[in-house]
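Down below is the structure, laid out as structure tokens.
Only the coordinates and a few stated rules stand behind these numbers; no lab work does. These numbers were taken from a predicted model, which means no experiment stands behind them. Every residue, glycine as well, gets a Cβ built from its backbone with ideal geometry; the counts of neighbours run over all protein chains shown.
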Amino acid sequence: MHDLSRREFLRISSLAAVGSLAAACASPGTPAPQPGGASDPAPTEAPGQPAAPAPSAPGAEGRFGEVPMLADLVASGELPPVEERLPESPSVYPVLEMTGKYGGTIRRGFTGVTDRTGPSKIVDISLVHFDTDLSIRPDICESWEQNADATLFTIHLRKGMKWSDGEPFDASAFTYYYDHVATNKDISPVMPERLSTGTPSVPATLEAVDDYTVVIEFAHPNPIFMQRLNRSQIFAPAHYMRRFHIELTDDTEALQSQVEAAGFNTWADHYSDRDQWWANPERPSVSAWLAQNDLANEIFVVERNPYFCAVDPDGQQLPYVDRITHRLFEKPDVFNMWILNGEIDWQHRHVDLGNYTLLKDGEQSGGYRVMEWIGGTGATLYINHNCRDPRIAEFMQDRNVRKALNLAMNRDEINQLVYDGIATPRQASPISASPYYHEGAATAYIDYDPEQANALLDEAGYSERNGEGMRLWKDGSGDVLSFVMEGWATGGSVLDDAAQMLVRYLTDVGITCSWKSQERFLVYERSDSNNVEAVFRDSGHEIFLFLREHPYIGNATHHPWGGGWGIWYQNPEDPNAEEPPEGHFLWDVWDLWERANVEPDDAQRKALVSQMFDIWAEEVPVVGILGELPSLVVVKDGLRNCGPGFAQTDPTADENLIGTPTLFWEEPELHA
């Protein structure tokens, strides 16, 4: 198998290459069947076409393959045979190389409870799943149809599908979620975005036509609805969760006692905690693996779900691998040592690009491969236009200041010294492989010109300096102009090194900036309450704009350039919300986004997005540094059905794009 070099990677100009790359890395053994079944158009195509049912499993008319790990339980009668555990028409997962073998463990690393996204991206499952060509295919659902203007969606479930405890999985899971979670003001003060449209938000309606048919209707066109469900669940195990719901429990007093004993202030907080599979292993699930403990443990373990609804093209129930473990580490050096020692089997998360050479050099001795995927990561400084400090807010709201901050950055130097020249100096905007790429937005004010930066800062009224050459606030106080840049990059990482260089470039133009790295959840908490001045992080360069729009429209506190304005957009009643001033460019951004978001016609939708990025290019709301970075995936030798060159971004659940349940060991007995 040949991995792309870093230079080869940078020559990949289109996601169209993904399919050929996958074919190129297949082994000469049993060839992978072609991915079967009709799939919904990719997010860039016009909606309106129905998704055909997924193909029936080859074993559906005969015997399905029983899992050796479960054979004794079946023989003893503790577990039904596989034919009774699977739905009538199982989901058929395509395999990248070949059908596989059962058994073994995949080892991964994580940083603790706040790192729940690592396990959840691998384990979570929903109605649909992105295929390697970035179209979507049915997963939990058997098929769906949508009308021409994308306001009405009919979802067909798999008859006979079951929760992990053997209870039926049917339309009641959806009506329960809608009636008692999504529309319950204690649990969901605002209707989840995935089930609402328009501004102000108008909730969708959801009803069960029969046990296996759910109809969802929106007040406005919602052409990307099914794609948005790839990493989003609109169902819940009613038979289990109702005991934690104050309106449904049989014993209200007992529930209140549980809430207090668990240390929660409200029943809704306790409910939300019990509804997380990674915090509550007892909660029934439909995922391929089930939690055996919770994330607070040093080793977090998930083991196969006997009732998982999917099979391979030969009719063998998935997953192939019996379990996945996540081992706790506190320092990146420890994680890197595990990789070098061959103790990490399949992982993108926490594999730092700054260690590329180190990890590549250790491939042979560690018995692993470092694969390069197409990623949406980069480096972006999100400056808070609506900061609580009025002087900083005024500073960040000045367009000349934002231009100056961008012109002060020596992106080429950061690229060469920190990223070994493999990144692309660019603004935060969709990457060149995205159908929403905008040349003007990608290149706005990215040239290094400290002389022009100084002139713009002087023109903005910040010309006064102290004896050390640092600029002063223009209010006559004599105070030094300064702000804090926060983030969670660990010491010695590429992002941490880049942050140190940003501080130096700002100092060179007379701006005092300090870099503060801390736990991610602390930055999130401060962002959620609009208490950050700036955040430096590895995002802002997306492939799927309509699945990751938050960096561009200022409405996400974790990409906090909108600050309180973005909070207001999400929920005007939030105590940290503040309405943007009349005439602010953010109103135009929101207007164009909202129109694009409900536009069924693909060409018109792209035109609206282009207008939005015209504004972005002129206003430069953030300080984009670098993008177009390869994403690294560490793969242990002997692990099959994986390869290089695929798209990897948050909406694809990172490396789970290729379907972790289809991974298998050539010699599973060596990886127990």
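So in the range 379-627, what percent of DSSP beta bridges are antiparallel if you round to the nearest 5? Walk me through the numbers before you get to the answer.
On the way: 11 of 19 bridges.
Just about 60 percent of them are antiparallel.
Out of the range 477-557, which GluC sites (Glu not before Pro) are coil in DSSP terms and have no more than 11 other C-beta atoms within 10 Å? Please list the in-between numbers first.
Working: sites: E486, E519, E525, E533, E542, E549; in loops: E519, E533, E542, E549.
Hits after loop and neighbour filter: nothing returned.
Could you please rank M501, M241, placing first whichever residue has the fewest other Cβ atoms within 10 Å of its Cβ?
M501, M241
Taking Cα extents along the principal axes in Å as the quantity of interest, determine which of (i) 83, 58, 53; (ii) 110, 87, 42; (iii) 84, 67, 54 was computed from the displayed structure.
Matching entry in (i) 83, 58, 53; (ii) 110, 87, 42; (iii) 84, 67, 54: (i).
I need the trypsin sites (Lys or Arg not before Pro) found in the range 160-244, filtered to DSSP loop residues with at most 11 other beta carbons within 10 Å of theirs.
K185
Excluding P430 itself, calculate the net charge of residues whose Cβ lies under 15 Å from the Cβ of P430, where each Lys or Arg counts +1 and each Asp or Glu counts -1. Walk me through the intermediate numbers first.
Values: positive: R426, R548, R605, K606; negative: E439, E542, E549, D614, E628, D650.
Result for the local shell: -2.
Where Lys and Arg each count +1 and Asp and Glu each count -1, what net charge lies around I615 among other residues with Cβ under 12 Å from its Cβ? Present the calculation step by step, with values, prior to reporting the outcome.
Numbers: positive: R399; negative: D588, D591, D614, E618, E619.
Around I615, the surrounding residues sum to -4.
Restricting to the chain, compute how many DSSP beta bridges are antiparallel as a %, nearest 5.
Numbers: 54 of 73 bridges.
In the chain, approximately 75 percent of DSSP beta bridges are antiparallel ones.
As a check on your grasp of the helix formula, calculate [θ] at 222 nm for the chain: sum -39500 (n - 2.57) over DSSP H runs of n ≥ 4, divide by the residue count, round to the nearest 500.
-7500 deg cm²/dmol
At what distance in angstrom do the alpha carbon centres of the range 163-187 and the range 382-441 lie from each other?
One Cα centre to the other: 42 Å.
Excluding T199 itself, calculate the net charge of residues whose Cβ lies under 11 Å from the Cβ of T199, where each Lys or Arg counts +1 and each Asp or Glu counts -1.
Here the count lands on -1.
Quick one: dipole size for the chain, taken about the Cα centre, charges +1 on Lys/Arg Cβ and -1 on Asp/Glu Cβ, in debye to the nearest 20.
It comes to approximately 1040 debye.
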